[in-house]
Structures are given as C-alpha cells and as structure tokens.
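This report refers to the structure that appears directly beneath it.
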Amino acid sequence: MTYEITKERLELLFPAYLEVDSALRLRGIGPAIRRRCQLVQVGDPLDTHFKRIGFPADPELPVAARRGDPIQLRSLVSHMELGGSVIADGDGYLLALNIVPAAFTIEKTDLQMSDFGPSDPTVQGLLLVTLQKAMLQEARTIALDLERERQRSLDLLERVSRAAGYLAHDFNNFLSIIRLNSDRLLAGNELSEAQRRLVSIIQETSERGSEITRSLMTLSHQKNDSCTSINLDRLIADHQAFFATIAGATITLRCELGAPRAMVEVPRTGVLNCLMNLVINARDAMPDGGEIVLSTDVRTVELAPPRPDLPSGPRAYVAIEVCDTGTGMTDDVLKRAFEPFFSTKSRGSGIGLASVMEFAREMGGAACLDSRAGAGAAVYMYIPVSSLGGNPATDHPAAVPENSGGGARVLVVEDEPYALEALVEMLEGDGYRVSPAATAAEAMALLERQRHDVLLTDVVMPEASGLDLADWASRRQPGIHIVMMSGYVPSNEELRDEWRFIRKPLDIALLREMLHTALHEAPPALTG
Amino acid sequence: MYGMIHRGIRAMLIEERGEAEWDALEREIGIGPAELVSQSVYDDALTLELVAAVARRLELPIEACLDRFGRYWVRFVDRGAYADIMDFTGRDLVSFIQNLDRMHQAVLAAMPEAKVPSFSVVDRQDGALRVKYQSERTGLEPLVVGLLHGLLDRFGLVGAVQPVPSRGNSAEFVVSYQQNHDL
C-alpha cells in the first residue's frame, strides 16, 4: 500500500517530522523543529542533533521501520523530546514524530499548538492541565475577593448595627421621657376620665415603641454575645412587638409559649437573629398576607449529636416552631432548604435557614423543616434545656404604697432634663428626699457632701458612665444601694450582684417596688 | 456566560471609571462577588444586564460597548492566569484564530455548561483574512469585531475588521492588516 502526501499536509499532520537519507543525514525538517531548534540544518547527521532513547535500545531504523517499533528522540540542542514511528521512504526514512512535552506543561516551554498535529491528544491534555492550574489560581483570587467582600459586609453591618443601636437608645430615652411625664399627668387629680384614657393610650403606644427599640438595641450589641442562661418564652415575649413589625401589616403574628420554666444556655443575640430570620422567611412566603405562629414547647427526644463531644440519647429540648400559612415548598426545594446559598428568592442570600441550622447545631440542638407545596411551612429549632427550674415570668410587681419613701435620701442621676424633672417629682411625691444630678461629676460632688441611701443612675451618659459612677459611689459610701436604669441591658460582667437594674422606659410601679425592697434590705456592704 | 466574562467586564469598568463606579453598578443591579466566580456559568440575561449597565456608565450604545469589551477581553485574558494558554494557542494572528476552536474544546471539557463559539479562517490572502464565526448566541457580532481588533493589537498589527454578508447562523468578517511599524 502506498500513500502520497504533500509537504504542506505532512507539515500539518506531523509538524515535528524529520526525513533522513540512507546515511541518516537530514534531508527534511518539520516546521516545529525548524522553529525551536534553528541549529538543525538539512545535511547534518541525525545523531549530531538527536539521540535515540527509550526501549528497545537503539534498533536500526530499517528494523524499526519494518517492525513498526515506536522510536523516541531527545534533542541534543534544546529541551525537547520527540516520539513517533519510522516509515521507509525510497532510499531513506520519514520519522513521523510528535513533540512529547517532558514535564507536560506549556509554562516557559515556548510550545505552541501548531507544534502538534491536529489530532494529537497531547494538545488537549496540555490545555486541560494548564487550564486547571489557571482555574486554581483564579479560585484563590476569587476566594480572597469573597473574603474581602465578607469582611467589608461585616464592617458595614457592624457600623450600621452600631448606629441603629445608638439611634434606638436615644429614641428609647425619648419614649422614657414620654412615659415618665404621662405618669406625672396620671398622678395628679386634674384630669378628666377622657383625658386619663388619652394618656393611657400614649403610655401604651410608647411601651410598644419601646419594645421595638429594645429589640433593636439587643440586636445591635452583637460583639460580646456569649452564652447566658435564658428563658426563651420570656425572650420571645419581650421581642414580640419587634417580630410583629418585621412580619408586616398584612400578617398576623401569634405567640403560643409553652416552656415557661425551661432555661437554655444560648447567646441572646444569636437566638434573636435566628428567630428574626425565620419570621422574615415566613413573611416572604406569604406575599398576600397570612398568619405566623411562633410557639415553644419542651420535648424529650433523641437527636443525632450534632457534635462529637455531646452525649447521645434522649434529652429535653425547647422546641421552637415558626409556622406560616404561605406557599409552602416543593419536595425539591425542601431537600435543599438548609443548604448555604440556596434560595428561591430572586435576591435571596440563601443564608437565613442555613445559619439557623448552624446556630442550632452549635448549641447542641438541631433544626428541621416540614412543608408541602401550597400548605405552608413549619421550621423547628431544638435547643437543649439546661434546667427546668426557671421562674415563670411575671409582669406585675408587688404593689407598694405611694408615699413609701419615708424620708430616705435618693440621688437621681439622669442627663435628660425632662426625665430627671419627672423622676424627682415622682420620688418626692413618694416621700423621698431627692438630690438631682445631670452628670456623673455633679453626682460625685453631691456624694462628697451628703450621705445617700440610694443612687438611682442612668447608665449611658456623656463624660462618665453610670457604671463607673456606681463603682465610685460604692467605694465612697459603702452600704449605698445602687439602682441602674437604662434602655439597654448591661452584661453580667458589667453589673455587680448587689446592684439592681431597671429597664427604660421606667415602669414606675416596678421602680417603687425596687426602691422599697432595697431600703428594707441590709446595706450591701454589710451583707458581704 | 461564564463568570470570567463578568470579571473581565468589571476590570474594564474599573480601569476606565474606577472602583466606585463598579460598586455603584453592583448596587444598581443587585449583584456581588457571587456573580463573579470565573468557573460558574450564569444566565446570559444577567451578562446582558451587566453589559447594558456598563454601557450606560460609559455612555456608549450597547454595540459600541460590546466592541470595546471585545478589545479589552484579549488584553484581560493575556495578563491573567490564562496568559500561557493564549501564548500556546498561537504566536501569530492566523494560527491563533485557526487554533481557537481547539482551545475552546479544552474549555468545554473543563466547563461542560459553557457555550463556546467557533472560529475558522475560510480564506487567506496576503494581509487579509476572512474569518467565519458561529455561535448559539445571536447579537454578539460587535463583540467579535472588538475581539478581532484586540487580536490585531496583540500581534502588533494594525488594520480593519469588516463584517460581510453571510448566510445561516454564522457571521463572517474580513480582517485586513499590516505590521504596526510604530511598535
């Protein structure tokens, strides 16, 4: 069988071909060799530029041509190896060769695709290896970009969160002033019944506003969100107004709380974030309105331990259920719902449910989901119970008669003048001898001059905080009772055990009870 | 299209108008780093939305923006992780275009969801080429004009790219060129 091939076609099929005569002198050189080894010239002996390598060792070309043995050559003048076969060609031989990349890379090799035949699979291999390296390099760059972006988002979130916290705190202070002064109005006898009713509406509305601002303040203090013993029913009740606001006007939010004595060890803001995510998801599943039921219950179940350090076996959990009457999920969506970055919303991040699952697992619990298309969805979060001995929350302080001050001396420190004025009037009306101070410095000056039974101080004030003032006062006047008041709840580390804390806007009945109880206890320093 | 195109579009806008302009664009069309992952394949509608937003910011008609991006794309790929592949594909205009399909075959093997175009040299004369372009996508001819201009720049050539009438789902371009003696 004889084939004819043009030189142009030969150069295309075997760009690294060599032709030798019977004396093994070069009489034809392929374009890839001409480009890469310019010293190689027609007429040169083959072995001046190439060495036979491989197995079988050095068979004569006629033998290799007859038997069809593969041959391999190594260039003596450049880093190049060639592989192929020998074809007898009249009185000489055609070495139909391809370049064999030694390190299977194109980096720093000067190789080109045209150095290879059009069907040489080496090209695809080289491209894939190089593509893989390039993609890995890009993946590293993208990972850095994503991390930078994540950090930027976190920084922005923290700034916004802090700003929201400051605004909420100030707003809460204004609500506190409204509350105190409406209490002043009610304390007098000048109002008609209709007017009293209007003042009650003002009080109730400011209380609802205050619940929302307190939630905002809690969510904005995320930095030191360590685990503390929490009653989830109480937490949910405290933030119910906030959840209702998030749910929106077309959705009813109902709470059915059935775990009043169960305590759990969780970070307060972490659990609030989870509940917020679940309420947002439920809201988004009901674009035309509906109902969200947020319920709790204590259940003893056996869950697969989410961490290897946790024991297996049945145990008690607070089961939080957030259920909606929305569009529900198909089986496919349900299977993927907890996957990070999976979202069915056009601009959804896909981290809401994933973060709920991660949080529940970190706390030693679990999260699961039950839904059918068109039949709403229920998300369950299980948090291990740390004790069942908690006291059911009560919102009703013990009644303390007015005029119960008995001449006790109270130093009131409040930087909001209208709040200070209202507090002084109310306490004086109760029979206390009251010294007002607008700053910590004024309070210190008064404490230097006069012994006081109680220091009632705001926490967040310009120049010096109420916490520092309380610390100073406790050392200056051992035995003084300390009552802190603020819109945000200081951490346990900030408050001493013997100090009392009351949240703003102040519940006057609760404040009366607190002062009354404090003054009927032994002074703190004496109880040691 | 795959995310590397999005990264190229971003790099072009940042180079021309600065990072703040890109940040504003991200906010405008609601995208972020998750839409810029090179190896992910995104809906063409998103890519076209991105091109339209860049065109508005560069005050260009969409066709002119695609042309400019085509030119930029060659430079962008040439300086990144894929520079070795560009060199391997060809060291002159003709062999580069002739080898593009083989290079795209490797891309397809690595990213099976990608839709890659096909290029071939259908006629070749001294200083002129007729290039055939085929793609499942339509409307990207201005991008191809830009790409061919970008390749002329890459190989130190100056010239013109002229679309010529063609049949079916392919487009043809005559590329006339000469060495750029200013380089």
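Key figures for this structure:
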| read-out | value |
| --- | --- |
| At R0 = 35 Å, FRET efficiency that the Cβ-Cβ distance of A:A237 and A:D468 yields, to 0.05 | 0.60 |
| Order of A:L446, A:L144, A:L94 under a 10 Å beta carbon neighbour criterion, fewest first | A:L144, A:L446, A:L94 |
| Antiparallel bridges, percent of DSSP beta bridges restricted to segment A:232-388 (to nearest 5) | 75 percent |
| Vicinal HN-Hα couplings computed from phi for segment A:282-291 (Karplus, 6.51 cos²θ - 1.76 cosθ + 1.60; Hz; Gly/Pro x) | 5, 4, 5, 7, 10, x, 9, x, x, 9 |
| Given 15 as the ceiling on other Cβ atoms within 10 Å, longest exposed-site-free region of chain A for trypsin sites (Lys or Arg not before Pro) in DSSP loops | A:109-222 |
| Label-point separation in nm, B:Q134 to A:E265, each point 7 Å along Cα→Cβ | 6.9 nm |
| Order of A:V413, A:V86 - criterion: other Cβ atoms within 10 Å of each residue's Cβ, fewest first | A:V86, A:V413 |
| Using a Förster distance of 51 Å, the FRET efficiency for A:F104-B:A45 (Cβ separation, nearest 0.05) | 0.80 |
| Share antiparallel - DSSP beta bridges, chain A, percent rounded to 5 | 70 percent |
| Within segment A:1-95, chymotrypsin sites (Phe, Trp or Tyr not before Pro) in DSSP loop having at most 10 other beta-carbon neighbours inside 10 Å | A:Y3 |
| Estimated inter-spin distance, A:I87 and A:L13, nm [label 7 Å along Cα→Cβ] | 0.4 nm |
| Cα centroid separation - segment A:117-131 against segment A:1-43, whole Å | 22 Å |
| Helix-only mean residue ellipticity at 222 nm for chain B, each DSSP H run of n ≥ 4 adding -39500 (n - 2.57), per residue, nearest 500 | -17000 deg cm²/dmol |
| Whether segment A:409-519 is rounded, prolate or oblate, judged on the alpha carbon gyration tensor where a/c under 1.5 counts as rounded | rounded |
| At R0 = 45 Å, FRET efficiency that the Cβ-Cβ distance of A:E158 and A:V333 yields, to 0.05 | 0.90 |
| Label point 7 Å beyond Cα of A:Y166 along Cβ direction - residues of segment A:464-480 with amide nitrogen under 17 Å | A:464-465 |
| Estimated [θ] at 222 nm from DSSP helical runs (n ≥ 4, -39500 (n - 2.57)) normalised by residues in chain A, nearest 500 | -13000 deg cm²/dmol |
| In sequence order, calculated HN-Hα J values of segment A:229-234 (Karplus, 6.51, -1.76, 1.60; Hz; x Gly/Pro) | 6, 10, 9, 5, 4, 5 |
| For A:M80, residues with placed amide H under 5 Å, excluding near neighbours | A:S75 |
| Gyration tensor verdict on segment A:232-388 (Cα atoms; rounded if a/c is under 1.5, prolate if a/b is larger than b/c, oblate otherwise) | oblate |
| Segment A:249-325: GluC sites (Glu not before Pro) in DSSP coil with no more than 10 other Cβ atoms inside 10 Å | A:E302 |
| 0 to 90° range, to nearest 10: angle between helix A:417-429 axis and chain A longest Cα axis | 40 degrees |
| Residues B:S176, A:S153 arranged by fewest to most Cβ contacts within 10 Å | A:S153, B:S176 |
| Protection-proxy order for peptides A:75-82, A:199-206, each taking the mean of Cβ atoms within 10 Å per residue, highest first | A:75-82, A:199-206 |
| Segment B:1-81: GluC sites (Glu not before Pro) in DSSP coil with no more than 14 other Cβ atoms inside 10 Å | B:E59 |
| Euclidean distance of C-alpha centroids, segment A:181-258 and segment B:138-183, integer Å | 69 Å |
| Contact order relative to length of segment B:1-50, as percent, for alpha carbon pairs under 8 angstrom and 6 or more apart | 59 percent |
| Members of A:K7/A:K51; A:K51/A:K108; A:K133/A:K335; A:K7/A:K133 lying beyond 30 Å, as alpha-carbon distances in this model show | A:K133/A:K335; A:K7/A:K133 |
| Peptide A:277-290, shielding by other chains (average Cβ, 10 Å cutoff) | 0 |
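Values in this text are rule-based calculations from the coordinates and carry no lab data. All of these numbers come straight from a predicted model, not from anything done at the bench. Virtual Cβ from ideal backbone geometry, glycine too; neighbours counted across all protein chains shown.
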